[in-house]
1. What order do HIS220, HIS95 take when sorted by accessible area (1.4 Å probe), most exposed first?
2. Does anyone have the angle between helix 43-58 and the longest principal axis of the chain? Alpha-carbon axes, 0 to 90°, nearest 10?
3. What percentages, rounded to whole numbers, describe P(r) for the stretch 218-292 computed over all alpha carbon pairs with 10 Å bin width beginning at zero?
4. Take the alpha carbon atoms of the stretch 63-115, find their center, do the same for the stretch 284-352, and report the distance between the two centers in whole angstrom.
5. Among 305-318, 229-242, how do they line up from the highest to the lowest mean number of other beta-carbon atoms within 10 Å?
6. For the Cα atoms of the chain, what angle does the longest principal axis make with the long axis of helix 155-180, in degrees from 0 to 90, nearest 10?
7. Hey, any idea what the orientation-averaged projected area of the convex hull of the stretch 51-350's Cα atoms comes to, in nm²?
8. Give me the one-decimal nm value for the distance between modelled label points at ARG271 and LEU120, 7 Å along each residue's Cα-to-Cβ direction.
Amino acid sequence: VRMRRRNVAPIGSGSKPDADVRSTTTEIADSVDYDDRDDGISPSAVFRGLGCLLTVTTTLYYFATPANLKKRNTSLSGPYGPPNAEFDWCENNYHAFSQIAEPVNTFSSLLYILQPLLFLGLHRRMKLPREAPFCLASVALIGVGSTLFHATLRYHMQLADELPMLALVLGAVCGLLRFTWPQLASLPSRVFSILFVGLSSALLATDRLDDTTGEEQLIHKACRGIMTCAFSACFLYIFYSTAQLSSDDAQTLRKRSAPYGVWSPPGLFRRQFVIWIASIVGWIADILCCAALQNLPFGMPFPQLHGLVWHGGSALGLHYIMVLLIWHQRLADGFSPKTKLWLGFLPYLVEE
């Protein structure tokens, strides 16, 4: 980065050197120009890298789910009945509590409830875009559904986890399309609302398995496939668009000669992208390396990648990407907020 420094008058020139030094220090901290190399990760690189990972996750989640992910120890059924969810994660069931199937995955799901509360608290003085309440509510519902799903391993609780995820990415895409394709106006909201209501109704109204044959019903399976692919496509579009918007926001701040605070928009995007990549890799490793993780050498404990890395990382990543989206909206409204850090790692925006 390049920094602009105000010339400090020499001592004895009639000025107040201490005040000038303080002014200079403040200006160095707040008036930072962008270097030409500070343009973040290119959208094409984001598309290629994240697209490869999402191809793996979509395959594991729907098209070729590994047998170990479908394991069900019905002898440990708990108070909710035998597990009938599609997925049974690597954490051993009921290993700590008789009332909670996967305690670490369950308690770490509460981070999704904490994240919207922290976000609202840190941005209580800032006007949020109209999609923000919907997205924050969706994240909180993900936390509720994920907690119930991992505590019970029942299929309807799995849907309570998955459907808010779909609602979240659809709502985020609607907000992004207002910036990238403003001519579409409210069309995406209507289309996505119909898609979400249709898929939710079909999944909740039909049984996953046929009572006679025990096979998965075609309509239900097709709706799950559409939901999975729609989620992955929206997820990829969110990151592709945010990569472009972060570079655009850097240009806007540069033209306004406005300070960006601790991190620039491209810098914030880079950090949240790394967090998401690490979280997704942890999700994949928890599935593909389950047997090895359960039997680590030297008596090392099971690392709980799904609960600690995926839940913890994705909750943090959601906060970062929401800050980016709010930043873009406020810049579009004519304001120039800058970033600060809470507890040294959680970014938030302030307008002074």
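The values are calculated or read from the model by the stated rules, or taken from the named source; none is laboratory data. As the structure is a prediction and not an experimental result, all values here were calculated from the model. Neighbour counts run over all protein chains shown; Cβ positions are idealised from the backbone, glycine included. Accessible surface is based on the protein model in full, side chains and every heavy atom, while ligands, DNA and RNA are left aside. Shrake-Rupley method; radii C 1.70, N 1.55, O 1.52, S 1.80 Å.
1. Values: HIS220 0, HIS95 100 Å².
Order by accessible area, largest first: HIS95, HIS220.
2. 20 degrees
3. Spelled out bin by bin, the stretch 218-292 gives 16, 30, 28, 17, 8, 2 percent.
4. Between the Cα centre of the stretch 63-115 and that of the stretch 284-352, the gap is 22 Å.
5. Result, highest mean Cβ count within 10 Å first: 305-318, 229-242.
6. The answer is roughly 30 degrees.
7. 17.0 nm²
8. Modelled inter-label distance: 2.4 nm.
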